[in-house]
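The values are calculated or read from the model by the stated rules, or taken from the named source; none is laboratory data. This one's a predicted model, so the numbers in the text were calculated from it and none came from an experiment. A quick note on method: Cβ atoms are made from the backbone with ideal geometry, for glycine too, and the neighbour counts reach across all protein chains shown. The area values use the complete protein model at the heavy-atom level, side chains included, leaving out ligands, DNA and RNA. Shrake-Rupley method; radii C 1.70, N 1.55, O 1.52, S 1.80 Å.
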Amino acid sequence: MLGKIKKTGDHYEDDQWVIASAVGHLVELYMPEDIDPKLRMWRLAALPILPEGFQLKPIEKTKSKFAELKKLMARKDIGRVINACDAGREGELIFAYIYQLAGKKLPVERLWMSSMTPQAILDAFSSLRPGESLKPLEHAARSRSESDWLVGINGTRAMTAFNSRDGGFFLTTVGRVQTPTLAIVVEREEKIRKFVSRDYWEVHAEFAAQAGLYPGKWFDPAWKKSDDAEAKADRLWNQQQAQEIVDAVRGQTGSVTEEKKPSTQASPQLFDLTSLQREANGKFGFSAKTTLSLAQSLYERHKALTYPRTDARYLPEDYLGVAHQTFAMLADSGMSHLAPFARQAIDKGYIKPSRRIFDNSKVSDHFAIIPTLQAPGNLSEAERKLYDLVVRRFMAVFFPSAEFMVTTRITKVQQHHFRSDGKVLVNPGWLAIYGKEAASETADDKDGKDSKHLVPVQPNQSYNSRTLSPSPARAIRASARQLS
């Protein structure tokens, strides 16, 4: 965006600009043994370690990169430094540590941008911020780094020394994020191990209507929540009671009442890394590590996806034009199963501003994972699956909501009630992009009951219960344990 600037060694340079990059963090805080060699020994007596100040040193494996940046800033023809690191706390910290350790006093300006469109880059360069204006963010970043040091160093040494008190060395790591997260996992695991499964029974019926058969599930309309978390309106804890219901209603006629109401379902939001990993695991069985590796390859090697290590699910507000261009690329791509939907979105004007998609307040360092304007070349099967997943989600978020007619049918046989839930797709909207996969993309009803197609009935008519049987089932949490 700044013109054709020639590469010289590891940096770019012309008469006006010298552009050089870090490779993530190049500088780290002193370790205890750097402060005092006596602290090499991990002893409880030496704790807590509370340095008067936090000194910095280059990270050993990237020492040469730091030396290069320091040398460039020392040149007499350099009059100012522009911090163009990520627009966020860690980006601020990367620069602050490098600049501090380099020991320079040049004026600093801040290039602040989350969007990577050509216009956004030029706009950011035309409105550079004074470096001092980002000092509060730098202070927050330093606080995070130093608190991690204090908690991690002291906690890890204390726990390791405690666990090694009888001999040996038992490294026990402690961290500001790691330790509370581990506590949550342990607490959950303990609940799983203590869980005792209980058999319960459900009574399922099949009713004969003029248009065909439909299923129903017994429930108690008078049921109320209690201290028993496993109790539900459709669960019976006694087989004899279930069998008595079966015997009472088998072959009997029942009366029907129905409630119908329209319902819509918007597409899921754009992917961040966590939601992409979760989706890829559910659909393809990819581990979180595999998904990240594939996304990195699609980003770095194929230039087909945007930066994957993001926690944002929104796009910058100036990305509407890029979205149009991306749909145009997809419409002309060789993806015959998706190109028609890209063309449809363009022709019908689906690509328009929406706070559900474009919101600067929800974007920090990086934005949601979407396809780039670069159509991918030869992808591996796994890369193709992940790319396809991202493209479908990107397209779906612009399409209209899916429209349903939701039916709740109550069949009353003597004094017993059976519930049937149905969901009829009226207008597929974004689900059309998923084709045969649409069923897996629609969430169950909010009350957790599966929605199925129901044959029509005439309200207040009587219907015969043709077949009926009690169904033993296992507690839901027991199944969840097996799944996990």
Pick from region 75-115 the residues that are among the polar types (S, T, N, Q) and closer than 20 Å to LYS65 by Cβ: which of them is most open to solvent (accessible area, probe 1.4 Å)? GLN100
List the residue pairs whose Cβ atoms are under 8 Å apart, where the first residue sits in region 397-418 and is at negative phi and part of a strand (DSSP E or B), the second is of a type in the set (Asp, Glu) and open to solvent by less than 40 Å² (accessible area, probe 1.4 Å), and the two are 6 or more positions apart or on different chains. VAL406/ASP421; VAL406/ASP445; THR407/ASP421; THR408/ASP421; ARG409/ASP421
If we ask which residues in region 40-53 are open to solvent by 40 Å² or more (accessible area, probe 1.4 Å), of a type outside the set (D, E, K, R) and not in a loop (DSSP other than H, G, I, E, B), their number turns out to be 2
Per the list (1) of a type outside the set (D, E, K, R); (2) open to solvent by 60 Å² or more (accessible area, probe 1.4 Å); (3) at pLDDT 90 or above, residue check on GLY334 breaks on (3)
Residue that is touching a His at 6+ places or on another chain (Cβ under 9 Å), within 20 Å of LEU373 (Cβ to Cβ) and in contact (Cβ under 8 Å) with a residue 12 or more places away in the chain, where the choices are THR326, THR310: THR310
What pairs come up if the first residue lies in region 72-95 and is under 21 Å from PHE367 (Cβ atoms), the second is among the hydroxyl-bearing types (Ser, Thr, Tyr) and in a loop (DSSP other than H, G, I, E, B), and their beta carbons are under 8 Å apart, counting only those six or more places apart or on different chains? ALA87/SER114; ALA87/SER364; GLY88/SER364
Among LEU276, LEU294, LEU305, which is the only one that is in contact with a Leu (Cβ under 9 Å, 6 or more places away or on another chain), touching a residue at least 40 places away in the same chain (Cβ under 8 Å) and within 20 Å of SER114 (Cα to Cα)? LEU305
Where residues in region 365-396 are open to solvent by 50 Å² or more (accessible area, probe 1.4 Å) and either not in a loop (DSSP other than H, G, I, E, B) or not aliphatic (A, V, I, L, M) (or both), which of them is nearest to ARG278 (Cα to Cα)? LYS385
Which one is farthest from MET405 (Cα to Cα) among residues in region 234-254 that are in a strand (DSSP E or B) and at pLDDT below 90? THR253
Out of (1) over 22 Å from VAL27 (Cα atoms); (2) touching a residue at least 40 places away in the same chain (Cβ under 8 Å), what's the single condition that is false for SER127? (2)
